[in-house]
Amino acid sequence: MTLTSGPVRVRVPATSANLGPGFDSLGLALGLYDDVAAEVTAGGVRVAVTGEGAGELPDDDRHLVVTAMRAAFDVLGAQPAGLALECVNRIPQARGLGSSSAAIVAGVLLARALVVDGAARLDDAAALRLASELEGHPDNVAPCLLGGFTVAWTEPAGARAVSLPVAAAVRPTVFVPGERGLTSVARAALPATVPHGDAALTAGRAALLVHALTTDPALLLPATVDRLHQDYRAAGMPATAALVAALRAAGVAAVVSGAGPTVLALSEVPAGFDPGTDWRRWELPIDVSGARVARGRLGHAERDPVAAGRKS
């Protein structure tokens, strides 16, 4: 394995998974980004973090971007002597907006870019499989890698995904609370089995959601009905459940973003709607490109702590 000289950088988007009925399969890339730069050094690991998670995230081998890089380097053929990383984070940590998937995708793509023939050794399909293995499921890593609205699934050989164009009328809004949530806790609230009727209803709405997001946003409200996970998790995040219910009562296609506690609205929120003081409201564009890699260090634009297109 031959390593490249000089730094490489990657911009990775936030993501929202599940989108209501698409449990562990549907995801959407959003225009809120983490920027990460990395280069090979003579030894040791150094990680500098600014923005979200600064002062909290590890600054050594325990950092998730480094963990993903190490896993990718194993696949690529060797480990570098040392690494230096700079992370500018804008994706809130542990809020259901794919911060861990963004870190994993960033690590996999940075490692690949630091190897001369990295794309030949680890192509895009293999990168998706590896990122999904590291994350545990593909619903967030797929839109982070591919951009747009993604449908992901897992076969015996690993994860696969397709990206579909989103109708222009879909304008996502996220409501981000101050409190954090843990995916592991949210998953622990789910039962081992669900009634057949609930599964059948949710499968039908997931199919309808593909049509609504790509072709007919007028159907987003009925298309986002879910009975597989959101009700079971409601007791653990009552404020999130209450906001979803209030938005839906106002005719807004609102769902829990990923495992929560962020709320995602896929249709227009009435101008006078007040979620309360505990929520930050951001209107975010849909990211259509997915993760983007370039040569060089982070520049002034990448170090800007405010994400382009975000309104609060």
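The values are calculated or read from the model by the stated rules, or taken from the named source; none is laboratory data. Please read these numbers as outputs of a predicted model, since none were measured by experiment. Using ideal geometry, Cβ is built from the backbone for each residue, glycine included, and neighbour counts are taken over all protein chains shown. Protein only, heavy atoms only, side chains kept; ligands, DNA and RNA dropped before computing areas. Shrake-Rupley method; radii C 1.70, N 1.55, O 1.52, S 1.80 Å.
Points to keep in mind about this one:
- Total residues in the stretch 171-191 satisfying the condition of being open to solvent by less than 50 Å² (accessible area, probe 1.4 Å) and under 20 Å from residue 91 (Cβ atoms): the figure is 8.
- Residues located in the stretch 294-312, provided they are in contact with a helix residue (DSSP H, G or I) (Cβ under 9 Å, 6 or more places away or on another chain) and modelled with pLDDT under 90: 308
- Single match in 118, 98 (criterion: on the phi > 0 side of the Ramachandran plot and touching a helix residue (DSSP H, G or I) at 6+ places or on another chain (Cβ under 7 Å)): 98
- Scan of the stretch 259-293 for residues that are modelled with pLDDT of 95 or more and at positive phi, ordered by number: 290
- Any hit, the stretch 134-149, residues being touching a residue at least 60 places away in the same chain (Cβ under 8 Å) and more than 17 Å from the chain's Cα centre (by Cα): no
- Being touching a residue at least 40 places away in the same chain (Cβ under 8 Å), farther than 20 Å from residue 140 by Cα and either outside any strand (DSSP E or B) or over 20 Å from the mean Cα position of the chain (by Cα) (or both) is a property that does not hold for residue 66.
- Residue list for the stretch 110-156, filter: of a type outside the set (A, V, I, L, M), under 21 Å from residue 15 (Cα atoms), open to solvent by less than 50 Å² (accessible area, probe 1.4 Å) and not in a loop (DSSP other than H, G, I, E, B): 132, 135, 143, 144, 149, 150
- For residue 98: the one exception among (1) over 21 Å from residue 49 (Cα atoms); (2) surrounded by 24 or more Cβ atoms within 10 Å (Cβ to Cβ); (3) touching a residue at least 60 places away in the same chain (Cβ under 8 Å): (1)
The rows are residues; the columns are (1) more than 22 Å from residue 251 (Cα to Cα); (2) open to solvent by 40 Å² or more (accessible area, probe 1.4 Å); (3) of a type in the set (Val, Ile, Thr); (4) at pLDDT 95 or above.
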| position | (1), (2), (3), (4) |
| --- | --- |
| 193 | yes, yes, yes, no |
| 196 | yes, yes, no, yes |
| 205 | no, yes, no, yes |
| 209 | no, no, no, yes |
| 214 | no, yes, yes, yes |
| 219 | no, yes, no, yes |
| 226 | no, no, no, yes |
| 231 | no, yes, no, no |
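- Cβ separations smaller than 6 Å between residues 6+ apart or across chains give the following pairs from the stretch 171-183 residues that are under 23 Å from residue 138 (Cα atoms) to residues that are assigned to a strand (DSSP E or B) and not β-branched (Val, Ile, Thr): 173/265; 173/283; 174/264; 174/282; 176/280.
- Scanning the stretch 1-25 for residues that are part of a strand (DSSP E or B) and open to solvent by 10 Å² or more (accessible area, probe 1.4 Å) gives 3, 9, 11.
- When we screen 39, 56 for residues that are assigned to a loop (DSSP other than H, G, I, E, B), farther than 29 Å from residue 162 by Cα, open to solvent by 30 Å² or more (accessible area, probe 1.4 Å) and in contact (Cβ under 8 Å) with a residue 12 or more places away in the chain, the only hit is 56.
- The residues on offer are 29, 102, 81, 94, and the sole one that is within 16 Å of the chain's Cα centre (by Cα) and at pLDDT below 95 is 94.
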